[in-house]
Amino acid sequence: QQPVQSPQAVILREGEDAVINCSSSKALYSVHWYRQKHGEAPVFLMILLKGGEQKGHDKISASFNEKKQQSSLYLTASQLSYSGTYFCGTLVSGNTGKLIFGQGTTLQVKP
Amino acid sequence: DSGVTQTPKHLITATGQRVTLRCSPRSGDLSVYWYQQSLDQGLQFLIQYYNGEERAKGNILERFSAQQFPDLHSELNLSSLELGDSALYFCASSDFPGSQQFFGPGTRLTVL
């Protein structure tokens, strides 16, 4: 079952913050976050394993609430380069890489 | 550059035809994945191979088949093509199942 992402679209000014949520109805092994720019391949951002860990990469961080099967991606002090479509991908087992992606959240950062 | 290569970059063909998409994973990666991305369906997992064997399957049509060869490159075969098969097809690779996946640049298939 496809995870649900919210919001579907976000428009920000440079320097503003955003949160993208990903919710699954299934018990998850891990959550993967990717960013895709128009016409390009998805680029890996981070993986969160069950255990409620939080990870960060520059000004982008994420959390995973194993009990709620929810993950959130936090973008702080957004830059123009953050524009793109963000996908969460969920894994129910660590034995496969069968990522089921959400429908995506389009983020547009304006000057 | 992710290190994953895909050929061809673009493919235009007619309904009813058969095409083969090729993928070379990053050096050392044993897992290869195929995804289909269309406007109305998002990124859809098709199939995964690990070290030559099928590891996981998604909603892949019976008209589609794939394999991974001893040198670890993979091919996705699409037959009896329909208009609805027009999409971007991505290949990704990882060192082991469950780890981060590196996506290739994709093959854009247009069926006329």
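The values are calculated or read from the model by the stated rules, or taken from the named source; none is laboratory data. Because the structure is a prediction, the values reported are computed rather than measured. Cβ atoms come from the backbone with ideal geometry, glycine included; neighbour counts cover every protein chain shown.
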Please indicate, with yes or no, whether at least one residue in segment B:58-71 is touching a strand residue (DSSP E or B) at 6+ places or on another chain (Cβ under 6 Å), closer than 27 Å to A:GLY102 by Cβ, modelled with pLDDT under 95 and not β-branched (Val, Ile, Thr).
yes
I'd like to check something: does segment B:82-96 contain any residue that is surrounded by fewer than 17 Cβ atoms within 10 Å (Cβ to Cβ) and within 15 Å of A:GLY97 (Cβ to Cβ)?
yes
Looking for something within 14 Å of another protein chain (Cβ to nearest Cβ), assigned to a strand (DSSP E or B) and under 11 Å from the mean Cα position of the chain (by Cα) - is there at least one such residue anywhere in segment B:52-61?
no
Would segment A:81-88 turn up any residue that is closer than 24 Å to A:HIS38 by Cα, part of a loop (DSSP other than H, G, I, E, B) and more than 11 Å from every other protein chain (Cβ to nearest Cβ)?
yes
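Only one of A:SER71, A:SER25 is of a type in the set (S, T, N, Q) and in a strand (DSSP E or B). Can you tell me which? Spell out how you get there, then give the answer.
Values: A:SER25 fails: in a strand (DSSP E or B).
Checking each option against the conditions leaves just A:SER71.
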One residue is enough: does segment B:28-43 have a residue meeting the conditions facing chain A (nearest Cβ under 9 Å), more than 10 Å from the chain's Cα centre (by Cα), assigned to a strand (DSSP E or B) and at pLDDT below 95?
yes
Those residues of segment B:62-81 that are surrounded by fewer than 17 Cβ atoms within 10 Å (Cβ to Cβ) and in contact (Cβ under 8 Å) with a residue 12 or more places away in the chain come to a total of 10
Yes/no for A:ILE47 being touching a Leu at 6+ places or on another chain (Cβ under 6 Å), assigned to a strand (DSSP E or B) and not basic (Lys, Arg)
no
Picking from A:THR76, A:THR96, the residue that is of a type in the set (Val, Ile, Thr) and in contact with an Asp or Glu (Cβ under 6 Å, 6 or more places away or on another chain) would be A:THR76
Out of everything in segment A:55-80 that is of a type in the set (Gly, Ala, Ser) and within 20 Å of B:GLN100 (Cβ to Cβ), what residue ends up being nearest to the other protein chains (Cβ to nearest Cβ)?
A:ALA62
Take the residues of segment A:91-111 that are part of a strand (DSSP E or B) and farther than 17 Å from A:SER61 by Cα: which is farthest from the other protein chains (Cβ to nearest Cβ)?
A:LYS110
Which of the residues that make up segment B:78-101 are over 11 Å from the mean Cα position of the chain (by Cα), at the interface with chain A (Cβ under 7 Å from one of its Cβ atoms) and on the phi < 0 side of the Ramachandran plot?
B:SER94, B:PRO97, B:GLN100, B:GLN101
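Select, from A:GLU40, A:GLU14, the only residue that is modelled with pLDDT of 95 or more and over 24 Å from B:PRO97 (Cβ atoms).
Details: A:GLU40 fails: modelled with pLDDT of 95 or more.
Unique residue meeting the criteria: A:GLU14.
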